[in-house]
Amino acid sequence: MKKLIRNIGMLATPQGTASKSGKAQGEILQLADAWIAVADGMIDRVGSGPVPNEYFDEVIDAGGKLVTPGLVDAHTHLVFGGWRQNELGMKLHGMGYLDILAAGGGILSTVKATRAASEEELYKKAYDALDEMSSLGVTTCEAKSGYGLDRETELKQLRVIRRLNEEHPMDVAATYLGAHAVPNEYKDDREGYVRFLCEEMIPEVAKEGLAQFCDVFCEKGVFTAAETERILTAGREYGLLPKIHADEIEAIGGSELTEKVGAVSAEHLIVCRQSGIDAMAKAGTVACLLPATSFYLGATYAPARAMIDAGVPVAVASDFNPGSCPSLNLQLCMNLACLKYRLTPEEMLTAVTLNGAAAIGMADRVGSIEPGKQADIVIWEAEDLNYLGYRMGSDLAASVIKNGEEIW
Ligand code: NIG
Ligand code: FE
């Protein structure tokens, strides 16, 4: 099946099959009057000027608009039961995120709702969320477990993620986040919970092939840096690649661990210190920054410019979850990346495409428009990249193409 996307006013894409850092993060190929030839769902050729003189089964007219790679949302907590709108009131009465968690709310209340939900309910709810994400231009995402914390519910979440990856057009990478919080059953036995993760859960998740990554919420009152290292090292032994929720609220050594454990990505990094930035630069870890969470928590914003200056590849993702970021809108994150992280529109595009893909080990397949990659493409109601960073609050995705098929 051969398709041509023609009449592209401006095609903008990073290039390559690995993350981009430093100056290269802002290097974007921009082709005016461009076209893309697609064969069997893959990008075959890209050019500008006269279109190829050959037969195509289908021709899509981009109407002179901006075209970019499909967006990659490299950090979501997609599968969960219930919502937590009650916490908005608690917050406005002065309670902090960690106060709510310590009082048995927060993550633990979503754990209750997720344990109570059937696999089918979780699947349906997450499927709808993937539809909404696709409509906003996302064609690949990551999804974490971490709202079960017991064996049965964690496996239930991971099975839902596997099924979504198979049945929804979106590519969904799976991350095991058993270390999201210490569950009530282990309240007085943290050591027991860490051993349960390392000795029982990680081997089982790996054996069933239910996740590619292992993540830990390394945070004051949640998991210490030493516990994080143990869990990620155990994950590595079973082939699960390390990710770390680091320096979100307090810097307790999470980002500094990236070098030691060879983390693929570190997430949040709101209060990351220079020592953490240096460790990530050395390890080639992708800093996966989540600006809508900073916005929602009323927190400061991660030091993205310092990271780019230090040669750390920066990705930007949504962190969609029912507590600290009840938004799955990556377009909003793109605005915040420009306005709050001070990324240029070019750096921002790399952050939500190629670097996001690198953060989930998929940069060889998605994240840029070039021959050999999947034909994951967004046609925008925009004429240039600046417009994507500039307009706020409107959905600018005009058409979303996944593996060569128009899905929105
Ligand atoms: O990435 N930081 C930890 N986990 C999520 C929040 C989860 C929740 O509040 O339910 C996050 O922000
Ligand atoms: Fe998160």
Subset of segment 304-349 [farther than 15 Å from Leu130 by Cα and of a type in the set (S, T, N, Q)]
Ser324, Asn335, Thr344
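Do you know which residues across segment 139-148 are within 20 Å of Leu177 (Cβ to Cβ) and either within 15 Å of ligand 2 (Cβ to nearest atom) or within 14 Å of the chain's Cα centre (by Cα) (or both)?
In the first step, residues of segment 139-148 are kept if they are within 20 Å of Leu177 (Cβ to Cβ); the result is 140-148.
Correct list: Thr140, Cys141, Glu142, Ala143, Lys144, Ser145, Gly146, Tyr147.
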Please go through segment 234-285 and pick out each residue that is assigned to a strand (DSSP E or B) and either over 20 Å from the mean Cα position of the chain (by Cα) or within 16 Å of ligand 2 (Cβ to nearest atom) (or both).
Pro242, Lys243, Ile244, His245, Ala246, Ser265, Ala266, Glu267, His268
Quick check, is Ala74 within 16 Å of ligand 1 (Cβ to nearest atom) and either surrounded by 21 or more Cβ atoms within 10 Å (Cβ to Cβ) or of a type outside the set (Lys, Arg) (or both)?
yes
Could you check segment 311-330 and list, in sequence order, the residues that are open to solvent by 40 Å² or more (accessible area, probe 1.4 Å) and more than 13 Å from ligand 1 (Cβ to nearest atom)?
Asn329
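Going by what's in this entry, would Arg151 be described as within 22 Å of Tyr193 (Cα to Cα), out of contact with any helix residue (DSSP H, G or I) (no Cβ under 6 Å at 6 or more places or on another chain) and either open to solvent by less than 10 Å² (accessible area, probe 1.4 Å) or not hydroxyl-bearing (Ser, Thr, Tyr) (or both)?
On the way: within 22 Å of Tyr193 (Cα to Cα): yes; out of contact with any helix residue (DSSP H, G or I) (no Cβ under 6 Å at 6 or more places or on another chain): yes; either open to solvent by less than 10 Å² (accessible area, probe 1.4 Å) or not hydroxyl-bearing (Ser, Thr, Tyr) (or both): yes.
In short, yes.
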When you scan segment 182-193, do you find a residue that is open to solvent by 60 Å² or more (accessible area, probe 1.4 Å) and at pLDDT below 95, even just one?
yes
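Would you say Glu227 is open to solvent by 10 Å² or more (accessible area, probe 1.4 Å), acidic (Asp, Glu) and closer than 15 Å to Tyr176 by Cα?
Working: open to solvent by 10 Å² or more (accessible area, probe 1.4 Å): yes; acidic (Asp, Glu): yes; closer than 15 Å to Tyr176 by Cα: no.
Judged against the criteria, Glu227 is not a match.
Residues are listed down the side, and each one gets a yes or a no for (1) within 15 Å of ligand 1 (Cβ to nearest atom); (2) touching a residue at least 60 places away in the same chain (Cβ under 8 Å); (3) more than 30 Å from Thr17 (Cα to Cα):
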position: Gly47; (1), (2), (3): no, no, no
position: Asn53; (1), (2), (3): no, no, no
position: Ala62; (1), (2), (3): no, yes, no
position: Thr68; (1), (2), (3): no, yes, no
position: Phe80; (1), (2), (3): yes, yes, yes
position: Met90; (1), (2), (3): yes, no, yes
position: Met95; (1), (2), (3): yes, no, yes
position: Ile107; (1), (2), (3): yes, yes, yes
position: Glu120; (1), (2), (3): no, no, yes
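Would you point out the residue of segment 199-218, among those that are part of a loop (DSSP other than H, G, I, E, B) and touching a residue at least 40 places away in the same chain (Cβ under 8 Å), that is nearest to Tyr176 (Cα to Cα)? Walk me through it before giving the result.
We begin by selecting, within segment 199-218, every residue part of a loop (DSSP other than H, G, I, E, B); these are 208-212.
Those left that are additionally touching a residue at least 40 places away in the same chain (Cβ under 8 Å): 208, 210-212.
Working: Glu208: 12, Leu210: 8, Ala211: 6, Gln212: 8 Å.
Checked segment 199-218; the qualifying residue nearest to Tyr176 (Cα to Cα) is Ala211.
Confirm whether Gly94 is exposed (fewer than 13 other Cβ atoms within 10 Å of the Cβ), out of contact with any His (no Cβ under 7 Å at 6 or more places or on another chain) and within 18 Å of Ala299 (Cβ to Cβ). Lay out the reasoning, then the answer.
Numbers: exposed (fewer than 13 other Cβ atoms within 10 Å of the Cβ): yes; out of contact with any His (no Cβ under 7 Å at 6 or more places or on another chain): yes; within 18 Å of Ala299 (Cβ to Cβ): yes.
Judged against the criteria, Gly94 is a match.
The values are calculated or read from the model by the stated rules, or taken from the named source; none is laboratory data. Please read all numbers here as calculations on a predicted model, not as lab measurements. Cβ: placed from backbone, ideal geometry, glycine included. Neighbour counts: every protein chain shown. Each accessible area value is taken on the protein alone, full model and side chains, heavy atoms only, with ligands, DNA and RNA left out. Shrake-Rupley method; radii C 1.70, N 1.55, O 1.52, S 1.80 Å.
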